[in-house]
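Peer 1: Right, I'll just put the structure down here and ask away after.
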Amino acid sequence: MPPRPPLWGRGAGAAMGWAASPGHAAWVLAEGLLVAALALPAVPGVRGRLPAGPGPLQHPLGAQAPPGPRAARGAGPERAAQRGDISRDTQGTSEDGVVFQKCAVVSGPGVAQTARVRLLVNNTAAPGAADLSDLLLLDNITGLAVRESAGNKTSAGLQAFRRRFLQVGDSFSVSYTASLEAGDLGRGEVLVLPALLTFQSASANRTQLRALLTITAEETVTVLPNHGLHAAGFFVAFTVALVLTWVALFFMVRCQCFKRRMFTGYQARHQESRLEPSQFTAADGVNEDLALNDQMIGILSSEDPGSMLQALEELEIATLNRADSDLEACRTQISKDVIALLLRDLSSGGHLTPQVERRMGAAFKKQFLMLEKEIQEEYDRKMVALTAECDLETRKKMENQFQREAAAMEEAEELLKHVSERSAGECSSLLRTLHGLEQEQLRCSLALQQEEDFAKAHRQLAVFQRSELHSIFFAQIKSAIFKGDLQPEAAKMLLQDYSRIQEEVEELMDFFQASKRYHLSKRFGHREYLVQNMQSAETRVQGLLSAAAAQLTLLIQKHERAGYLDEEQTEELMERAQTEVFSIKQKLDNDLKQEKKKLHQKLIVKRRREMLQKHKEQRREQLSLGEAFRAAEDACQYLGQWRSLVAAQGAALEELQERLDQAALDELRALTLSLFEKATEELRRLQSSALTQELLRRGVPWLFLQQILEEHARELAARAEQLEAEERGRDQEGVRSVRQRLKDDALEASAEEQAELRHWGRWVFLRLCGSPFSLSEEELLRIRQDVHSCFAQMDRSLALPRIRARVLLQRLHTAWREAEFLKLDQALAAPELQPQAKARKPRAKSKSKTDLLRKCIEDKIQLFAGPAPEDLLEKVRAELLQERVQQLEAQEGHFAESLVALQFQKAAGAARTLWAYTALLSVQHLLLEELSESETLTKAACAQILESHSPELQELERKLEEELAHQEAAQWQRALAGRQQWAEDGPGLLTEPEDADSEGQVSAALRRALGRSQELLARQQQSLREEQERSVVLEDLLERMEADAFVGLYSQEAPGLVAGLRKQAARRTEKQRPGQDAVGAPEEGEHTEEDVPPSQRADGVLRERGLATPVPGVQRRPGARAHRRGRSH
């Protein structure tokens, strides 16, 4: 393996320059690859410098480069279309050991700066080198005044040098002195002067090498100081500055006073702290949109047609991310405006005082500002963390990749020890190319993964912001109820309106998202068609240009084969023809680059002007929507205005974008076609005029020449028709692709799919919400908040699915490629299993192993260059659909788990209460039984104790029955009101103008009834939901009443029970004490049980213990709760 060249040889070339005299240009020459190593004589006064930073002039300017990883991805040798010649435009030393360099040394002070230019061709004695013949060196000297040159100058700004033979180990060099022609270069302009070397080697093809030389004009100006003029200027400037300072201070004071008066007046007029609508379109957003749209012009005017589609895809992802941000800002603004409208409607209805409305509005505004700050801080933290994590992962994976490459290279070197150096070099070059492709693929995978992580972070923050908006609303409502600012009835009405409006907001955002997805799909489908159209046009004109250039060579060769030209005349004409073709192509490249640059700036200015005008118009329309917000009667009207405005603005903006894109393509296409057609016409003119005159001057018969020219004209016309047919075919394929894309992202289909999804989700959540037996008002509020949060996550963002699809496709493609690599490695490791390896001789074992290794590496490189299997796209679609289903199921499961956990908590609390009260009754029963058996209490006393709390329990039962009766009466009233409403709506269907016959009247009534069926059905479903909510709230109220009663009885019975147990224990202890009969008479104030009558003893126990047990009749019937539940459901 050849040693790696030094760092300075692979990096930027050297540049030399000196300061010129005042007002004159100075030379800056970017030299070749090995300029610093050339043994040139030192020139006094010569100074060199390296460029300070990266730039277009910092590439090595040698002829060939060591084959690297990027050589197989379009950055390698260019293939010419003439006689199979090979043209290489890379850098470094070629594989056959030929080095071609162009360098220069600048010398001379002031105006007389000159450069000594040297062209060097070195046929090094490298392995596999061969003798060279028929060397032709074409040097571009446009803009230079050349002296002391032995070359033949042409009218196209070229000079030619020839050498018939150059054997291995020899070198061939030419040099001349040149200076800049006056007025040719302005300050900062760059002049590129390439040199082209063509030669014949051992192979049948001619090889072309190119070396570049760049001249940059610099200008230095020497200023002679004039102290008197400086002093006068200083005093004048000081006086003017002093006057302007006093004027500025005066106007600043006046402006501050004016602002203070305006602010005071504003505070007087707007003391109410209401939520003001702020539009989501900001100046920075407009600038970002303009910058994204400007990139389309850069893509269409790109000099690399192969990267156009990739750049367009990246632009589409960036635009989708920007659209997601706009939609999220729009959603946030609409949510804030809806809350403000609901508060205003509640205040106008008399349910909320203006002071409370202002206070709640200020609280909402403060909470929203805090949320925006929190979201921004969280976004910054996530981006920093994700960037660091991705960088660390990239570093680790790249290190692992480098280790694998080093191991593979060592293994290959061990295998290639016994083969020739040429074969080893070729295998090493292929292996480096394969490793470069693997690195590129790994970088692409890591970049896609990072893009997906960022998109997921954006989505998480968006969902968090939506949930927090709902949380802020419900928290403020609960706080207002707790403070007494909002009555429960008004809060209930507000929550119902909020739930209804939120469903409409979600439907509106689904429409916005579907509309945006359709418009962006249409925009980028059209842009993809434009890019393909541009590529097809360039392919056609390049084909015509190559065909016209090839005809020049064919014309000379046909005359040589016919015997009209000898070898020397043929070589001379071929040299002139190649020189003219190179000159025309070079001029075409320069003209195309310059004209595209000018047109690019012109299109950018025109596009920005029209886009800014459209954004200003839409901004005014949005401000008018803000006025409509203040005048809107309800939220539904406001949402309708939003819908119509966004739909109209989106359609108008997309129409403008499409028109500007088409106009840009037309101008760029016309420019490209005109320049290529001009170059093709020059080649045809060269063939029919100059070359024809030369042939006729050498005695070629006119009839033979005319026949060939006519044949060439027919061939060129046929080639043009063929290329036009291919271009039409590609255009038709592009149109079909755009139609299929629009069909996949159709607005109606997307909106209908999302509507069905929300309908299904609404049904599932309603069924889940109807499953609990009892819920308090607070718990019901929390469940509503969870439902809104779940509904807010049911949409599908624009960018994340597309990014996820790219990641999945990349992973599947990588897995498929790895499987193919494994098959190739297995075939390489076990060649004896291959049928073609059995017939080989043992002596050719090492050679066959090398061939197998080379074939394996080539097959792997082809796998990178080839397309992905078609079934991978279907797998990606299926995977995305499965992930979407799993996401929705996870939301439903999480919501159901929260409901089940809530019911378990309530059941556990009720069970603990019942267990405690049951234990209390059991102990009380045992105590009374023991007191009765010991005749401490009589049966009448026990009965009195048992009946002592009967009135309390009967009062509890009465309250429960009254609450049930009240709820039944309210339900009956609501049913009557609903029937009355139905009765009012029903006859209204038949009160329309009567038709001529009864059948027409009935059909018209049926059509009107069907038209209102959805409205009536929605009303009935809403009524059913409200009845279910009232039922679960009633059940919770009854359970809490029972629990409170149980707790009250427990708190009353427990102290008496404890006192009774202590007294009973004390009496048992006294009875068991020995010698109790020997004790004397009790002292004064002391009484025994025998002295106290039984009734007095019972009264004493009742006073001391206060024990009671509920009578059997006051317990609730087992069927009462089930009866209420059945009626409520």
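Peer 1: With a/c under 1.5 counting as rounded, go ahead and sort the range 532-635 into rounded, prolate or oblate using the C-alpha gyration tensor (a ≥ b ≥ c being the square roots of the eigenvalues; past the cut-off, prolate if a/b is larger than b/c, else oblate).
Peer 2: Because a/c hits 1.5 or more and a/b exceeds b/c, the range 532-635 counts as prolate.
Peer 1: Next question, about the same structure. Tell me which residues come under 5 Å, amide H to amide H, from F165 once H is placed; ignore anything under 5 positions away on its chain.
Peer 2: D134, L135
Peer 1: In debye to the nearest 20, how big a dipole does the range 611-745 give about its Cα centre with +1 on each Lys and Arg Cβ and -1 on each Asp and Glu Cβ?
Peer 2: 260
Peer 1: Could you state the accessible area per residue of the range 594-741 in Å², with a 1.4 Å probe and every protein chain left in place?
Peer 2: For the range 594-741, the solvent-accessible area averages 57 Å² per residue.
Peer 1: Oh, and also: Any chance you could list P(r) for the range 475-577, counting all Cα-Cα pairs in 10 angstrom bins from zero, rounded to whole %?
Peer 2: 12, 16, 12, 10, 10, 9, 8, 7, 6, 6, 4, 0
Peer 1: Quantify, in whole percent, the carbon and sulfur part of the accessible surface of the range 438-511 (1.4 Å probe; protein heavy atoms only).
Peer 2: Looking at the range 438-511 in its full context, I get 54 percent from C and S.
Peer 1: Going by average Cβ density within 10 Å per residue, which order do the peptides 781-793, 484-496, 888-900 take, highest to lowest?
Peer 2: For the peptides 781-793, 484-496, 888-900, the packing ranking is 781-793, 484-496, 888-900.
Peer 1: Using a 1.4 Å probe on the protein heavy atoms, what percent of the accessible area of the range 580-679 belongs to carbon and sulfur?
Peer 2: Details: 2740 of 5200 Å².
Whole-percent figure for carbon plus sulfur exposure: 53.
Peer 1: Below 28 Å Cα-Cα, how many Lys pairs turn up in the range 570-652? Only count pairs eight or more apart in sequence, or on different chains, if you could.
Peer 2: Pairs that pass both the separation and distance tests number 22.
Peer 1: Is there a quick way to get the dipole size of the range 371-468? I mean about its Cα centre, with the Cβ of Lys and Arg at +1 and of Asp and Glu at -1; what is the value in debye to the nearest 20? Don't skip to the answer; put the middle values down first.
Peer 2: Values: 14 positive and 22 negative charges, 27 e Å.
Roughly 120 debye for the range 371-468.
Peer 1: Which semi-axes, in whole Å and largest first, does the equivalent ellipsoid of the range 766-835 have when worked out from the alpha carbon gyration tensor as the square roots of 5 times its eigenvalues?
Peer 2: 57, 16, 7
Peer 1: If you roll a 1.4 angstrom probe over the protein chains with everything in place, what fraction of the accessible area of the range 684-746 belongs to carbon and sulfur, to the nearest %?
Peer 2: 50
Peer 1: Moving to a separate point now. What does the charge count around E313 come to, taking other residues whose C-beta lies under 11 Å from its C-beta (Lys +1, Arg +1, Asp -1, Glu -1)?
Peer 2: Overall, the nearby charge balance is 0.
Peer 1: Could you please tell me the mean projected area of the C-alpha convex hull for the range 317-468, averaged over all directions and given in square nanometres to one decimal?
Peer 2: About 11.8 nm², averaged over all directions.
Peer 1: Under a no-solvent Debye model with one identical scatterer per Cα of the range 408-474, what's log10 I(q)/I(0) at q = 0.12, 0.18 Å⁻¹?
Peer 2: Log10 of I(q)/I(0), two decimals: -0.56, -0.77.
Peer 1: Rounded, prolate or oblate, given the Cα gyration tensor of the range 652-733, with a/c below 1.5 counting as rounded?
Peer 2: Working: a/c = 8.17, a/b = 2.59, b/c = 3.15.
Because a/c hits 1.5 or more and a/b fails to exceed b/c, the range 652-733 counts as oblate.
Peer 1: Rounded if a/c is under 1.5, else prolate if a/b beats b/c, else oblate: with a ≥ b ≥ c from the C-alpha gyration tensor eigenvalues square-rooted, which is the range 636-685?
Peer 2: prolate
Peer 1: Show me 237-244, 337-344 ranked by packing, highest mean number of other Cβ atoms within 10 Å first.
Peer 2: 337-344, 237-244
The values are calculated or read from the model by the stated rules, or taken from the named source; none is laboratory data. A quick note: this is a predicted structure, and the numbers were derived from the prediction, not measured. With ideal geometry, Cβ positions are generated from the backbone for all residues, glycine too; neighbour counts draw on all protein chains shown. Quick note on the areas: whole protein, heavy atoms, side chains included, nothing else; ligands and nucleic acids left out. Shrake-Rupley method; radii C 1.70, N 1.55, O 1.52, S 1.80 Å.
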